[in-house]
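> For reference, the structure I am asking about is given below.
Every number here is computed from the coordinates shown, using simple stated rules; none is lab data. This is a predicted model, so every value here is computed, not measured. With ideal geometry, Cβ positions are generated from the backbone for all residues, glycine too; neighbour counts draw on all protein chains shown.
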Ligand SMILES: *Cc1c(COP(=O)(O)O)cnc(C)c1O
């Protein structure tokens, strides 16, 4: 079935379901003149053309790609009905689907215990907010520690929650430094440590296994922000495959021993935006969410997801889309989602290798997932010249008439770009999160090299 046929198929099924409920008159006030609609649609689709081609492998910039057609069809079908996963009253089927997919993410992807408590959220930000909220409730007055490469959301949400924070330095990979963490833990005021499995900038995986051991020794909790990299854990369970490397595998496997985990199905889970997820090893933390709802929770004695979530209304369609996606592309290393992630990873390794042999570009960090960073190579490489050259390459690639390439810029410490100076410098960053990048990456590299020769002064 083509994507269009898939969509048609599910929408017809919703039509057929609606028809079983008997005829009624639509209110005239909702009627729109066909011509008005046609004009508005033309304007709308014309404006959408102003987007960058996220679907195409020539877009190798931010963490952004369209959802899988199965997710689109499932989302549209459920959205026609518009269930609200706040309570089972708002739509029992998608409520049940949410519980199923959360369980799959917990037990099949991360191998957390079966009793793990969790729910979908509208984003990784909200999911992390909930994890930090629980961290505060369990360890009141104690700080939350995270690295300087952790997503900015941690500092911001800790501010919202009024929890003290400790920012830890990182090593040459961009990973949280264990010696610095131990110094801080020894003082004894840290209640929860945040590890990132795939930092948003470089895709670095913190040493989760060693951090878990330190947390045990110093009685701290461990939260893993796997918003970006979490889905790569699928590949970590496959003993035969060393695509990720031994350390990355070891640390991704150690997520199984975290106290809480966040993963974003709207990043590497093929979902449209509006799909994050938070998981708690101890289902007892549900008590912190306790509240009364005078409006809902009437149709069933079973757990209503609103009872364990800070958000109220949540799209049932998001749960439906993830449920259908995991039915057709299961959480397996060998088939389903695994091969998609593996192709992205191989594309990143290949580009890193090509960058290493280039005379106009040079890689910055070694990719640990599917994010590649690089910069122009210059005779007089300084913070200033590299910064300007990166910007020119970024602009030049995007504006190259018939064959544009879309990259993104990342501000890093100059030492990460191989410079001896203090301060920050902008370099190029590419997220190769589409499996199509694997076949396209040689072309991508040639194009970026060619553009660099044209726009970057020798
Ligand atoms: C994307 C990301 C977030 C924020 O998630 P949103 O879904 O964008 O709100 C948090 N942490 C990491 C590591 C991320 O990559």
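> What is the log10 of I(q)/I(0) for the stretch 393-434, computed with the Debye formula using one identical point scatterer on each Cα and no solvent, at q = 0.24, 0.28, 0.31 Å⁻¹?
Relative scattering, expressed as log10 I(q)/I(0), comes to -0.81, -0.91, -0.98.
> Just check the stretch 50-207 against the gyration tensor rule for me: Cα atoms, a ≥ b ≥ c as the square roots of the eigenvalues, rounded for a/c under 1.5, and otherwise prolate or oblate depending on whether a/b exceeds b/c. Please report the intermediate quantities before stating the final value.
On the way: a/c = 2.28, a/b = 1.43, b/c = 1.59.
Oblate.
> Further question on the same structure: Which value, in Å³ per residue, describes the convex hull spanned by the Cα atoms of the chain? Write out the running numbers ahead of the final one.
Numbers: hull volume 78.8 nm³, N = 458.
Per residue, the Cα convex hull of the chain comes to 172 Å³.
> Ratio to report: Rg/Rh of the stretch 73-125, with Cα atoms as the point set and Rh obtained by the Kirkwood method; give two decimals. Kindly include the intermediate steps, with their values, before the conclusion.
Details: Rg = 12.4 Å, Rh = 12.2 Å.
Expressed as Rg/Rh, it is 1.01.
> Any chance you could get the radius of gyration and Dmax over the Cα atoms of the stretch 254-352, in Å?
That works out to 17.2, 57 Å for Rg and Dmax.
> I've got another one for you. Give or take rounding to whole Å, what are the principal axis extents of the alpha carbon atoms in the stretch 1-66, in descending order?
Principal axes ranked by extent give 50, 31, 19 Å for the Cα atoms.
> If R0 is 45 Å, what FRET efficiency do you get for residue 436 and residue 29 from their C-beta distance, rounded to 0.05? Don't skip to the end; give the middle numbers.
On the way: r = 46 Å, r/R0 = 1.01.
Efficiency computed from Cβ-Cβ geometry: 0.50.
> Taking Cα pairs under 8 Å and at least six residues apart, what relative contact order does the stretch 108-221 come out at, in percent?
On the way: 149 pairs, mean separation 27.2, N = 114.
It comes to 24 percent, rounded to a whole number.
> Ok, one more. Evaluate the relative contact order of the stretch 346-454 (contact order divided by residue number), counting alpha-carbon pairs under 8 angstrom at least 6 apart; express in whole percent. Don't skip to the answer; put the middle values down first.
On the way: 182 pairs, mean separation 33.5, N = 109.
Relative contact order of the stretch 346-454: 31 percent.
> Once you treat every alpha carbon in the stretch 145-253 as an equal point and sum by Debye, what is log10 I(q)/I(0) at q = 0.17, 0.24 Å⁻¹?
-0.77, -1.37
> If neighbour count is taken as other Cβ atoms inside 10 Å, put 162, 250 in order from fewest to most. Numbers along the way, then the final one.
On the way: 162 7, 250 16.
With the sparsest Cβ surroundings first, the list reads 162, 250.
> Can you put 190, 163 in order, fewest other beta carbons within 10 Å first?
Details: 190 25, 163 21.
Ordered by Cβ neighbours within 10 Å, fewest first: 163, 190.
> Between residue 1 and residue 82, what is the spin-label point distance in nm, taking each point 7 Å from the Cα along the Cα→C-beta axis?
In this crude label model, residue 1 to residue 82 measures out at 2.4 nm.
> While we're looking at this one, here's another question. If you average the sequence gap of Cα pairs under 8 Å that are 6 or more apart and divide by the length of the chain, what percent do you get for the contact order?
Working: 864 pairs, mean separation 87.8, N = 458.
About 19 percent, as a whole number.
> What order, most packed first, do the peptides 341-353, 218-230 have when packing is the mean number of other Cβ atoms within 10 Å of each residue?
Ranking the peptides 341-353, 218-230 by packing returns 218-230, 341-353.
> Okay, moving on. For the peptides 434-445, 195-206, 371-382, what is the packing order when you average, over each peptide's residues, the other Cβ atoms within 10 Å and list the highest mean first?
On the way: 434-445: 18.7, 195-206: 27.2, 371-382: 20.3.
Averaged packing, sorted descending, gives the order 195-206, 371-382, 434-445.
> Then there is this: At 7 Å along Cα-to-Cβ for each site, give me the label-to-label distance between residue 450 and residue 332 in nm.
Those two pseudo-labels are separated by 4.1 nm.
> Given only helices, namely DSSP H runs of n ≥ 4 each adding -39500 (n - 2.57), what is the per-residue ellipticity at 222 nm of the chain, to the nearest 500 deg cm²/dmol? Don't jump to the answer; show the numbers that get you there.
Numbers: 15 runs with 188 residues, N = 458.
The helix contribution divided over the chain gives -13000 deg cm²/dmol.
> A further question follows. Using 7 Å Cα-to-Cβ label points, what is the residue 400/residue 100 separation (nm, one decimal)?
Each label point lies 7 Å from its Cα, and together they span 4.6 nm.
> OK, next. To the nearest 0.05, what FRET efficiency results for residue 47 and residue 443 with a Förster distance of 25 Å applied to their C-beta separation? Mind dumping the intermediate values first?
Values: r = 30 Å, r/R0 = 1.20.
Once rounded, the FRET efficiency stands at 0.25.
> Shifting gears a bit: If you wrap a convex hull around the C-alpha atoms of the stretch 40-133 and split its volume per residue, what is the figure in Å³? Numbers along the way, then the final one.
Numbers: hull volume 16.9 nm³, N = 94.
Roughly 180 Å³ of hull volume per residue.
> Quick check: residue separation of residue 240 and residue 302 times 0.36 nm, minus the Cα distance between them. What number comes out in nm? Please report the intermediate quantities before stating the final value.
Working: separation 62, 0.36 × 62 = 22.32 nm, distance 4.14 nm.
Using 0.36 nm per residue and subtracting the Cα-Cα distance, I get 18.2 nm.
> Using only C-alpha positions, report the orientation-averaged shadow area of the convex hull of the stretch 192-240, nm², one decimal. Write down the numbers at each step before the final one.
On the way: hull surface 15.3 nm².
For the stretch 192-240, the mean projected area of the Cα convex hull comes to 3.8 nm².
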